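What follows is one structure encoded as structure tokens, with my remarks underneath.
The values are calculated or read from the model by the stated rules, or taken from the named source; none is laboratory data. Treat the numbers as computed from the prediction; the structure is a model and nothing was measured. No Cβ is skipped: glycine too gets one built from the backbone with ideal geometry, and neighbour counts run over all protein chains shown.
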Amino acid sequence: MRKKSIKMISLVLLVILLQACNFPGQQETTPETNPPEIPTETTTQPPTESSTSTATLTPTSTPTEEPDISLPVFIDPVIYDFSMFTSTGGWALTQDNDRLLRTEDGGQTWLDATPTDLHPLPADVTALWIEPFFLDEDTAWFSSNTLGGDLYHTVDGGLTWRVSPIPFERARYYFLDLNLGYALVDLGAGAGSHYVAIYRTEDSGLTWLEVFSHEPGVMKSLRESGSKGGITFLDLNHGWIGGTYPMTDFFYLHFTEDGGTTWAQEMDISLPAVYNGSWLEVRQPIFMSDTVGYLPVRALAPDNNTYLLVYRSDDSGQTWVFQNSVQDGEVLDFYALDEGWLAASTELFQTNDAGMNWNPVTISTGPVGEFLLKIDFVDDQHGWAIATPDDETWEPRKLYRTSDGGVNWTQLVP
């Protein structure tokens, strides 16, 4: 054992001597400790206590300390909208979509992920009115409907943001992955018409190509009339735009098969006879796979009651089949091919058979008797809800969480 120790000591001394001689080709470099930056014109991030400059290669064996990049806690936020992706991770927006928040503990604590260059606001602006799209708990895009001009993009949960100029304002976004996305741009409305343009990006929002636009006095395949509620794509070519039209029994759903250049109206959706004479609001399809999707349609029926009609497609949106409906239904949320949730006024429902049957869930603690404005479940047990005791003012708004399938809820904020 002593001989082996002497050999090891000799070897260490030899290495030290070699380093001291500074032999060509043997100098060390400091490993880069910052996360790789996304190519951009501008990068913005929250202030930190230590320097955030990018580490450079230097002939030293001492590693550079990793910068302390963290998000500040937002105290007692009033959550107006949110999207959860795991039992712990998700995003939220405050009143007037003015602050973008992120949680890492299931909504107990919210971190302010709003880029620091956006606040304080200009004197003539009261709120940002952020229009976001969340791909997962770390990846998001947004632009401001009041400031306009720039698209913000993060892949690290809002620690850093890439900022790139956009050739449009007042857009709603839909991204299929880190690179491919679409923007539905509001060009204005009037006299029962809603004019839009559609842009596509294939480089994560750095550049955009206009693929469709309404023009004054020119008839287009996507009808000008009717209100357009959003845009959804299944792949590069197949997309849908839902909305409303001032005519009873009218399904306002248009689809494209060439990436948004040309559109056609969906004509083969059947309305059950019991709902004849209804005013219909067709919402955006929710796709759970390459083939399976759900289409929520809100109906104001002749009996003056509202119903949420649930349709399903098993052929990538080629056809839509009526499953069932729930009176006063407002929010539809699927987390698996056949399993999902539905909120209707003060009641919560769950389905395990693709919406054919909706089973009521008895709420024991939490938002008992409160109106459910938003629900989001990541599985059959873990879910969140925004609820209010006042169905007219929708104030105050409370955020709840359940971990036992909607029976018991804990109020998180405010």
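Are there strands (runs of 3 or more DSSP E) fully within segment 66-142 with at least 2 residues that are farther than 24 Å from Ala387 by Cβ? List them.
Result: 130-134.
Would you mind finding the one in Asp177, Asp186 that is charged (D, E, K, R) and touching a residue at least 24 places away in the same chain (Cβ under 8 Å)?
Answer to the selection: Asp177.
How about segment 308-336: which of its residues are among the aliphatic types (A, V, I, L, M) and buried (at least 17 other Cβ atoms within 10 Å of the Cβ)?
Within segment 308-336, Leu308, Leu309, Val310, Val326, Val331, Leu332 qualify.
For segment 253-277: of the residues being under 22 Å from the mean Cα position of the chain (by Cα) and in a loop (DSSP other than H, G, I, E, B), which is nearest to Ala299 (Cα to Cα)?
If we take residues in segment 253-277 being under 22 Å from the mean Cα position of the chain (by Cα) and in a loop (DSSP other than H, G, I, E, B), then Gly260 is nearest to Ala299 (Cα to Cα).
Among the residues of segment 347-354, is any within 27 Å of Phe85 (Cβ to Cβ), among the small types (Gly, Ala, Ser) and at pLDDT 95 or above?
Among the residues of segment 347-354, at least one is within 27 Å of Phe85 (Cβ to Cβ), among the small types (Gly, Ala, Ser) and at pLDDT 95 or above, which makes the answer yes.
Looking at Phe250, is it of a type in the set (Phe, Trp, Tyr), at pLDDT 95 or above and assigned to a strand (DSSP E or B)?
Criteria not met by Phe250.
Let's see how each residue does on (1) at pLDDT 95 or above; (2) surrounded by fewer than 22 Cβ atoms within 10 Å (Cβ to Cβ); (3) β-branched (Val, Ile, Thr):
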site: Arg170; (1), (2), (3): yes, yes, no
site: Leu178; (1), (2), (3): yes, yes, no
site: Leu187; (1), (2), (3): yes, yes, no
site: Gly205; (1), (2), (3): yes, no, no
site: Ser221; (1), (2), (3): yes, yes, no
site: Phe233; (1), (2), (3): yes, yes, no
site: Gly239; (1), (2), (3): yes, no, no
site: Thr244; (1), (2), (3): yes, yes, yes
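Scan segment 265-294 and report the pairs whose first residue is within 21 Å of Phe334 (Cβ to Cβ) and surrounded by fewer than 18 Cβ atoms within 10 Å (Cβ to Cβ) and whose second residue is among the hydroxyl-bearing types (Ser, Thr, Tyr) and at pLDDT 95 or above, with Cβ atoms within less than 6 Å and a gap of 6+ or a chain change.
Qualifying pairs under 6 Å: Ile286/Tyr294; Thr291/Ser316.
Working carefully through the options Leu295, Leu280, find the one that is closer than 24 Å to Phe175 by Cβ and in a strand (DSSP E or B).
None of the others qualify; the one that does is Leu295.
Exactly one of (1) under 16 Å from Gly181 (Cβ atoms); (2) free of Cβ contacts under 8 Å to residues at least 40 places away in the same chain is unmet by Thr146. Its number?
(1)
Looking at segment 132-170, which of the residues that are of a type in the set (Asp, Glu) and under 24 Å from Gln95 (Cβ atoms) is nearest to the chain's Cα centre (by Cα)?
That would be Glu137.
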